[in-house]
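To start, the structure under review is shown below, and the notes come after it.
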Amino acid sequence: LFRTAASNISFPEVWLLLVQYFERVPGFFWVVQRNSFFTMSEILENKADIELYSPHPEVRGMTTLDRAAFKRTIVVPILKVKKEVINKLLKSLKHTTLQRPGLKRVIDDPKDEDSRLVLLDPHKISAEYSLGESEQEILKQFSIDPQVSKYNLELTYDNFKTEEVLRAVLPEGQDVTSGFTRIGHIAHLNLRDHQLPYKHLIGQVIIDKNPGITCSVNKINIIDNTYRNFQMEVLAGEANMITKTRENYITYEFDFSKVYWNSRLSTEHGRIIEFLKPGDVLFDVFAGVGPFAIPAAKKKCSVFANDLNPESYKWLLHNCKLNKVDKKIKNFNMDGRDFLRGPVKEELTKELSLLTKERKNTLHIVMNLPALAIEFLDVFKHFLDGKPCSTDLLPTVHCYSFSKHDNPAKDVQERAEAFLGTSLEGRCSTHLVRNVAPNKEMMCISFQIPAEVLFKKQSRLSLSCDTNPPFLSLSKKQTSWFLTAF
């Protein structure tokens with residue numbers, strides 16, 4: 001009967017059929033070996049289900065976490081092994097043993113203190129109710145009886161994974177959120193509307209299943225204010241928003257509720273820093289708490305960092321001291337345009353007057369405010385006085401922008417060209433930073449500011465600064481005629 005039934009169904013279903021049959025036979029505890037059944041005078045209750053690792057179905061729709069409700073019993077295969085060979089055996093059978101969060105693979109044998117019971121994964125046992133040939137060969141090497149027995153295993157909330165818990169709770173067919181961004185002890189979630197009735201449960205599950213996380217928060221609006229932070233609510237855990245995190249081997253501390261921080265930009269921060277070499281100059285227009293500025297200073301660059309948000313500025317100063325670069329960074333708390341027109345213009349004028357073809361340190365301007373940064377590019381139109389310098393010495397801008405266009409690279413380039421008033425064709429590169437949302441990309445466009453944009457147009461009388469105008473050597477009458485002629 002069982003061989004016929006087993007031929008067209010999965011192994012968990014086979015276990016279910018066997019259990020249902022033998023539960024009707026008093027005094028039976030069954031042991032399975034190829035083509036044989038063995039009886040023992042013991043019976044264990046079991047509530048086996050086809051989906052072995054699903055929590056109890058009664059948790060569906062739960063909005064307040066009740067951990068006790070997740071308890072259920074499943075039937076798993078076990079192997080009796082002498083305790084002196086347990087460690088060696090586990091290494092050989094590591095792909096066959098049961099792997100569940102918080103669950104021991106080896107338990108005591110209540111009837112034999114010299115033996116242990118090894119829990120096996122039902123999905124890894126063949127439909128013929130026995131271990132495979134390779135596993136049996138391993139058992140033979142250790143002189144272990146290959147009999148596989150049934151064991152009623154109680155699973156609790158602690159033994160289920162995050163996605164298993166949430167899949168059991170949320171309505172069937174809905175998306176399950178188990179992902180989040182971690183910032184120190186804080187888990188940052190972006191829940192969808194259909195998940196909001198379960199938000200506090202979801203937040204608590206995230207805390208329970210991730211050691212070190214003591215607070216979970218949900219963003220409740222988009223970043224649309226002047227200071228680039230967003231409102232959030234605490235879903236579960238402590239309401240401590242001051243956190244510490246590490247990115248690219250550098251430590252940052254800040255109040256997550258009052259500043260902008262995105263752990264998903266770690267790779268992009270590193271990418272820009274790779275462009276820099278010791279002695280280069282970096283102007284960070286929207287510096288936040290320092291993820292571009294501080295690594296650049298660590299790389300022995302000269303850094304000018306600015307942020308309009310007073311909280312970001314406070315934590316920028318704090319992080320500079322924390323990472324021992326406070327003497328290497330000049331920090332500002334200004335509007336981005338004022339920062340460009342003031343400290344940046346002053347320092348660019350100074351640097352370009354000193355640069356020669358022999359001195360190869362480069363100048364970089366980072367503008368990481370994707371929602372608005374591209375609109376600041378018009379500041380560079382006729383930005384500097386003086387004679388245009390060598391193209392090699394022109395400052396490079398790294399400007400970030402969002403795009404919902406079918407061709408985001410083209411879109412960002414065209415918008416940058418509109419604010420600069422010139423073409424960047426063949427003079428820029430665009431980089432896809434990340435996908436922010438469906439049909440919304442974050443892009444970075446990098447380019448050297450064209451000389452015809454950066455420098456004020458020279459009049460017909462404008463000459464090199466080391467050449468005297470002709471009329472300075474003319475007579476008063478000649479000078480009057482010369483000026484009238486022009």
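Among the residues of region 362-391, those identified as open to solvent by less than 20 Å² (accessible area, probe 1.4 Å) and more than 32 Å from the chain's Cα centre (by Cα) are V379, F380, F383, L384. Going by the structure shown, is L308 in contact with a helix residue (DSSP H, G or I) (Cβ under 9 Å, 6 or more places away or on another chain), open to solvent by 40 Å² or more (accessible area, probe 1.4 Å), within 18 Å of M367 (Cβ to Cβ) and not polar (S, T, N, Q)? Yes, satisfied.
Here E351 meets the list (1) closer than 15 Å to G288 by Cα; (2) touching a residue at least 60 places away in the same chain (Cβ under 8 Å); (3) of a type in the set (D, E, K, R) almost entirely, failing just condition (1).
I'd like the full set of residues that are exposed (fewer than 15 other Cβ atoms within 10 Å of the Cβ) and within 19 Å of W261 (Cβ to Cβ), limited to region 182-206. Once the filter is applied, which keeps residues that are exposed (fewer than 15 other Cβ atoms within 10 Å of the Cβ) and within 19 Å of W261 (Cβ to Cβ), region 182-206 yields only N190. Please verify whether region 433-452 includes one or more residues that are part of a helix (DSSP H, G or I) and either modelled with pLDDT of 95 or more or within 24 Å of N262 (Cβ to Cβ) (or both). There is no residue in region 433-452 that is part of a helix (DSSP H, G or I) and either modelled with pLDDT of 95 or more or within 24 Å of N262 (Cβ to Cβ) (or both). Listed by first and then second residue, the pairs linking a residue in region 429-450 that is open to solvent by 60 Å² or more (accessible area, probe 1.4 Å) to a residue that is part of a strand (DSSP E or B) and among the hydroxyl-bearing types (S, T, Y), with Cβ atoms under 8 Å apart and 6 or more places separating them unless they lie on different chains, are S429/S446; H431/S446; Q448/T396.
For S353, indicate whether it is out of contact with any strand residue (DSSP E or B) (no Cβ under 7 Å at 6 or more places or on another chain), small (G, A, S), open to solvent by 60 Å² or more (accessible area, probe 1.4 Å) and over 22 Å from H431 (Cβ atoms). Criteria met by S353.
The values are calculated or read from the model by the stated rules, or taken from the named source; none is laboratory data. Everything numeric in this text was worked out from a predicted model, so none of it was measured. Don't worry about glycine lacking a Cβ; one is built from the backbone with ideal geometry, like all the others, and counts go over all protein chains shown. The protein model used for the area step is the full one, side chains on, heavy atoms only, and it has no ligands, DNA or RNA in it. Shrake-Rupley method; radii C 1.70, N 1.55, O 1.52, S 1.80 Å.
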